[in-house]
1. Treating the beta-carbon of each Lys and Arg as +1 and of each Asp and Glu as -1, no other charges, what is the dipole magnitude of the chain about its Cα centre, to the nearest 20 debye?
2. Taking every pair of alpha-carbon atoms in segment 20-64, what share in percent sits in each 5 Å bin, from 0 to the bin with the longest distance?
3. Net charge within 14 Å of GLY79 by Cβ-Cβ distance, Lys/Arg positive one each and Asp/Glu negative one each, not counting GLY79 itself?
4. What's the long-distance tail for segment 11-139, i.e. % of Cα pairs beyond 16 Å?
5. Distances over 16 Å make up what percent of all Cα-Cα pairs in segment 1-86?
6. What do you get for Rg/Rh over segment 98-139 if you use C-alpha atoms and the Kirkwood form of Rh?
7. Of the options LEU85, ILE70, ILE138, report the single residue whose Cα projects farthest towards the positive end of the charge dipole of the chain (beta-carbon charges: Lys, Arg +1; Asp, Glu -1).
8. As an exercise, identify the chymotrypsin sites (Phe, Trp or Tyr not before Pro) in segment 30-104 lying in DSSP coil whose Cβ has no more than 13 other Cβ atoms within 10 Å.
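Where a number appears in this text, it was derived from the coordinates with a stated rule and is not lab data. Since the structure is predicted, the reported quantities are computational estimates derived from the model, not experimental observations. We place every Cβ from the backbone using ideal geometry, glycine too, and count neighbours over all the protein chains shown.
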Amino acid sequence: KQYLVVGGIIVKNRKALFTKRRDPRSEFNNKWEFPGGGIDNGEAVTKALKRELKEETGLGIEPIEQLPEIVTRVEEKYGYQVFLLLFICKIKSGKLQTSDTEVADYGWFSLKESLKLDWLPANKEVIKNNYKILKKYID
């Protein structure tokens, strides 16, 4: 199986919002990630991004830049592959209110702080590989 997933790096006051995942699988539980989720069949990428970030964070967002690399992750144990499209986003509306079923915690982080987090596999590499782009928005 293959899944197309969108994720957002929400920026405010030169920091980025990241969430800690709530997951029944121990190897994914309590790992930091970019809020987001799956694109439904026939759904536009931007529409999915706005819907997923609203569901997980309570925030209405606007994408301002897409990261150039599509992150690919194979989970052989579970028999699927994920293609992750990531966007830097600004807040347009709403109040931060995370989903209790999907988010165990959240925080606003600088780039330096973000590199110290216990991330889902491949997500820390996204920060390292896109450092110059992220530096335009995050200290």
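1. Magnitude of the dipole: close to 540 debye.
2. Cα pair-distance distribution for segment 20-64, in percent: 5, 21, 24, 22, 16, 11, 2.
3. Cβ neighbours under 14 Å give a net charge of +2.
4. Across segment 11-139, Cα pairs with separations above 16 Å total 64 percent.
5. 57
6. Here the Rg-to-Rh quotient is 1.01.
7. Sorting the options by dipole projection puts first ILE138.
8. Listed in order of number, the matching sites are TYR78.
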